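Chemist: The structure that follows is given in the form of structure tokens.
Please treat every number below as a calculation from the coordinates, not as lab data. None of the values given here were measured: they were computed from a predicted structure. Because the Cβ atoms are built from the backbone with ideal geometry, glycine has one as well, and the counts that use them run over all protein chains shown.
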Amino acid sequence: MSIWTKHCLQWINFSLGAPAETGLRPSRNGWMANNGPLPHGRGSECEVAPSGILGVPMTHPSYIRHSASTCFWVWTLLTVTGCATHRYEHADPLDNRELHATYLSAVRDRYPDSCRLTQRIVVHAGRRDFDMTGYLFMKPDGSLLALSLGDMGIEMFRFQCDAEQCEVITKPVSFPVDPLYDGVIGDIQHLFARAGQSRSYLVRRGHATPCLVLQYDDGRLDEYQSADDCDFPARSLGVCGGKVVREVTYHSPMSYPGCSHFLPSRIVLRNHRWHYTMEITLLEVRRPQ
Amino acid sequence: MFLQSAVSIAVALLIVPPGQRPAEAANYPSAPIDVRELSPQETQSFLTRVRQKLSSMQTLRADFIQERRMGAFIDTLTAKGTCYFMAPGRIRWELREPYRSALVFSDGKVAKFLYEDDRLRKLNPGGKGVMKRVLQMIALWLHGDFEGTKEFFDLRVLRGSVFILRLEPRHKQMKEIIRAIELTMDADSNHIKKVTIRENRGDQIVITFVHEELNVDLDEALFAVD
């Protein structure tokens, strides 16, 4: 990702009040690239403190004056690209203990605690497509390893997550690290990780099926709307800093050997922060012998 | 990310004169114990014979079994498919398991296709420039031409009951990804039976070729990029 593109994304995030991404840091000579990895860990996309352009707080008068003149261009850009994130609207809580327990169990145990998932993954970013074979290894202690292979079996990405944090083990040499920590790892946690330390409650949005909300200590929030005829969610969204950073739809539930309930054979995730779409097709679920 | 790909080639039998210094078996994990490394002159002679022999190959079709053996896990990740080649420089690498896809290189262009419910969907892959260079190199290998390879790899040939052509990257970027590519060649049939890509983490990819057919009729449509 070029410095200019990073700069534009940073301006968009600043203007919308989202947490700053530390891919760039201000200096007297302008923007400089951060060469080190972001501080990593579950919820890292929400742990970075917000700061404005040139490193001043967003409430500082100089920032407000500067940002006012950029708002027009930022919103023009957003309109043209159609890539705006939107604020998360909190819904009214719903008191139904039995339903709450059922939904919570469905989300936390949506995948077997020990298994290997084989997936086909296609990522659309800009006008480019990247297709990979994905393997997700899940262990009973909640840790997981995500591995993606390119053509002829070459390793492209490897992520390791435990209960505390996630790490990028492998990535293509020239690939920027920010979209991985801030984007892809958050996507994997939202889709597959067992919900750890979180507060959960039910909400209802109009006449729609009740939704389960998981609120984490690091500021993240995940909302899962259950399908009418299936234990698995029909759709979900991930929230950070009050903004919806990802939206997910789940399709074509199927029965897989060794699984107690149906699993979605196809998942479509839209990451609004990093502007890519990920299509995941579940090919196989393998349980340990 | 595509620099390290490789496919099968056919090679000629080379009779190695007695008295050659045996190679260290530990340096060549694919090699049987009694292997001998060819001298530079023998290697050049060997490669010349390979080129002469393969220049007559017009087409190739071979099924492959691709296994990724992971050092940290007991799991072996397996994929299967078919490789097609048409001289002088067309390649189709078609995957059938765990899902269907095809990577095609033809007339200097690269195309990637996915099969979805038996319908073909064309992708716009990133890294086309790198893919082109890699697939061009593979096409040269299939014609027995290793001269261009020397810019990117140090090349050694081992001879025992099999031949092993070992390619070690010269450039830093590729060295960070792979340690070596080894082509294991059957001394009797002169065919490449196996390609081993050794990654730095200890993982290795082994591509085993079966049911090879040389100079068979291949449909031109296999190499269409549109």
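Chemist: Using a 10 Å cut-off around each Cβ of peptide B:122-130, what is the average number of partner chain Cβ atoms that fall inside?
Modeler: 4
Chemist: In the neighborhood of B:Pro169, defined by Cβ-to-Cβ distances under 10 Å, what is the net charge if each Lys or Arg adds +1 and each Asp or Glu adds -1? Please list the in-between numbers first.
Modeler: Working: positive: B:Arg170, B:Lys172, B:Lys175, B:Arg179; negative: B:Asp154, B:Glu168, B:Glu176.
Net of charged neighbours comes to +1.
Chemist: Check the straight Cα-Cα distances from B:Lys122 and name the aspartates and glutamates below 16 Å, setting aside those fewer than 8 residues away within the same chain.
Modeler: Answer for B:Lys122, where 16 Å is the Cα cut-off: A:Asp129, A:Asp131, A:Asp151, A:Glu279, B:Glu94, B:Asp226, listed by chain and number.
Chemist: Let me ask something additional. If each residue of separation counts as 0.36 nm, what is the full-extension length gain between A:Arg127 and A:Arg287 once their alpha-carbon separation is subtracted?
Modeler: 53.9 nm
Chemist: In a solvent-free Debye calculation with one equal scatterer on each Cα, what is log10 I(q)/I(0) for the stretch A:188-289 at q = 0.14, 0.15, 0.21, 0.24 Å⁻¹, listed in the order of the q values?
Modeler: -0.59, -0.68, -1.23, -1.42
Chemist: Taking the Cα-to-Cβ direction at A:Thr209 and at A:Asp162 and moving 7 Å from each Cα, how far apart do the two end points lie in nm?
Modeler: Between A:Thr209 and A:Asp162, the label points sit 3.6 nm apart.
Chemist: Also, quick follow-up: Can you give the local net charge around B:Val195? Use residues other than it whose beta-carbon is closer than 12 angstrom to its beta-carbon, Lys and Arg +1, Asp and Glu -1.
Modeler: +2
Chemist: In the structure shown, do any of B:Lys109/B:Lys193; B:Lys53/B:Lys194; A:Lys243/B:Lys112; B:Lys53/B:Lys193; B:Lys128/B:Lys175 have a Cα-Cα gap over 26 Å, and if so which? Could the numbers behind the result be given before it?
Modeler: Details: B:Lys109/B:Lys193 28 Å; B:Lys53/B:Lys194 19 Å; A:Lys243/B:Lys112 35 Å; B:Lys53/B:Lys193 17 Å; B:Lys128/B:Lys175 21 Å.
B:Lys109/B:Lys193; A:Lys243/B:Lys112, as the Cα separations exceed 26 Å there.
Chemist: Let me ask you something else. Can you list residues whose amide H is under 5 Å from B:His191's amide H, if they're 5+ apart or on another chain and H is modeled 1.01 Å from N?
Modeler: It is B:Val11, B:Asp186, by chain and number.
Chemist: In nm, to one decimal, how far is the modelled label at A:Glu89 from the one at B:Lys109, with both set 7 Å along Cα→Cβ?
Modeler: 4.7
Chemist: Below 17 Å, Cα to Cα, which aspartates and glutamates can B:Lys172 reach? Residues fewer than 8 away in the same chain don't count.
Modeler: B:Lys172 reaches B:Glu151, B:Asp154, B:Glu199.
Chemist: So, one more: About its Cα centre, how strong a charge dipole does the stretch A:141-280 have in debye, to the nearest 20, once Lys and Arg get +1 and Asp and Glu get -1 at the Cβ?
Modeler: On the way: 13 positive and 18 negative charges, 90 e Å.
So the dipole magnitude of the stretch A:141-280 works out to roughly 440 debye.
Chemist: Also: Multiply the residue separation of B:Glu151 and B:Asp118 by 0.36 nm, subtract the distance between their alpha-carbon atoms, and state the gained length in nm to one decimal. Walk me through the numbers before you get to the answer.
Modeler: Details: separation 33, 0.36 × 33 = 11.88 nm, distance 4.12 nm.
Separation in residues times 0.36 nm, less the Cα-Cα distance, equals 7.8 nm.
Chemist: Using 1/(1 + (r/R0)^6) with R0 = 41 angstrom and r between the beta carbons of B:Asn200 and B:Arg96, what's the FRET efficiency to the nearest 0.05?
Modeler: 0.90
Chemist: Now, a different point. Under Stokes-Einstein, with the Kirkwood radius over Cα pairs standing in for Rh, what whole-number D in µm²/s applies to the stretch A:115-185 at 25 °C and 0.890 mPa s?
Modeler: So the translational diffusion coefficient is about 190 µm²/s.
Chemist: Right, next: Near B:Gly108, within a Cβ-to-Cβ distance under 14 Å, what is the net charge of the other residues, with Lys and Arg +1 and Asp and Glu -1? Please report the intermediate quantities before stating the final value.
Modeler: Values: positive: B:Arg90, B:Lys109, B:Lys128, B:Lys132, B:Arg133; negative: B:Asp107, B:Asp226.
Residues near B:Gly108 contribute +3 overall.
Chemist: While we're looking at this one, here's another question. Using a Cα-Cα cut-off of under 12 Å, which aspartates and glutamates could be cross-linked to B:Lys150, ignoring same-chain neighbours fewer than 8 residues away?
Modeler: Straight-distance partners of B:Lys150: B:Glu168.
Chemist: A follow-up question, please. So how far apart, in nm, are the two label points at B:Asp226 and B:Lys132 if each is 7 Å from Cα heading toward Cβ?
Modeler: In this crude label model, B:Asp226 to B:Lys132 measures out at 1.8 nm.
Chemist: While we're looking at this one, here's another question. For the stretch A:77-195, evaluate the Debye formula with one uniform point scatterer on each Cα (no solvent term) and list log10 I(q)/I(0) at q = 0.11, 0.16 Å⁻¹, rounded to two decimals.
Modeler: Scattering profile of the stretch A:77-195, log10 relative to I(0): -0.51, -0.94.
Chemist: Looking at the calculated P(r) for the stretch B:70-205, what percent of the C-alpha pair distances fall above 21 Å?
Modeler: The answer is 53 percent, as a whole percent.
Chemist: To the nearest 0.05, what FRET efficiency results for B:Asp219 and A:His251 with a Förster distance of 35 Å applied to their C-beta separation?
Modeler: 0.50
Chemist: So if each residue of separation counts as 0.36 nm, and I subtract the Cα-Cα distance between B:Ser55 and B:Arg170, what length gain in nm does that give?
Modeler: 38.7 nm
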